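Worksheet for the structure shown next.
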Amino acid sequence: MELYTPVLVLAALAAGFAVFSVAVSTLTGPARYNRAKLDSYECGIDPTPQPVGGGRVPVKFYTVAMTFIIFDVEIMFLVPWAVHFDAMGGFGLLAVVLFLVNITVAYAYEWRRGGLDWD
């Protein structure tokens, strides 16, 4: 437990600072709300009115977002493996090959389903 004490103290300090910052900004910040501040921001374009039941967002946007997240996770695993390639040996190679096969299957599935088409 002695080894984790500095980590726990640092985590407590970080959490305390975060809570303190939010509380102080809420108490001391100006609360001037107007119509423009409460509207959703759409890149400088006037927001379009939403239908009564809520607008439908195409699933394609979420699919593309998930694709970017998958590739980010892939890079996050491949860069450390490439840096320490010699030290990992056969087990590291097998783990990365299985990971890449898994990612390739997911990519092929999404491509086949048309998730990458912008039409």
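Scan the stretch 38-54 and tell me whether some residue there is surrounded by 10 or more Cβ atoms within 10 Å (Cβ to Cβ) and at pLDDT 75 or above. Checked the stretch 38-54: no residue is surrounded by 10 or more Cβ atoms within 10 Å (Cβ to Cβ) and at pLDDT 75 or above. Selection of the stretch 89-119 for residues being of a type in the set (D, E, K, R) and exposed (fewer than 10 other Cβ atoms within 10 Å of the Cβ) yields Arg112, Asp117, Asp119.
Taking the criterion of being among the aromatic types (Phe, Trp, Tyr) and at pLDDT below 85, the only residue of the stretch 77-106 that qualifies is Phe85. Pairs are defined by a Cβ separation below 6 Å, a sequence spacing of at least 6 or placement on different chains, a first member in the stretch 69-82 that is in contact (Cβ under 8 Å) with a residue 24 or more places away in the chain and acidic (Asp, Glu), and a second member that is surrounded by 10 or more Cβ atoms within 10 Å (Cβ to Cβ) and in a helix (DSSP H, G or I); the pairs so defined are Glu74/Ile103.
Among the residues of the stretch 71-119, those identified as small (Gly, Ala, Ser) and closer than 20 Å to Lys60 by Cα are Ala106, Ala108, Gly114, Gly115. Screening Lys60 on (1) among the charged types (D, E, K, R); (2) surrounded by 10 or more Cβ atoms within 10 Å (Cβ to Cβ); (3) modelled with pLDDT of 85 or more shows it passes everything except condition (3).
The values are calculated or read from the model by the stated rules, or taken from the named source; none is laboratory data. Since this is a predicted model, take the numbers as computed values, not measurements. Quick reminder, even Gly has a Cβ in these numbers, built from the backbone with ideal geometry, and neighbours come from all protein chains shown.
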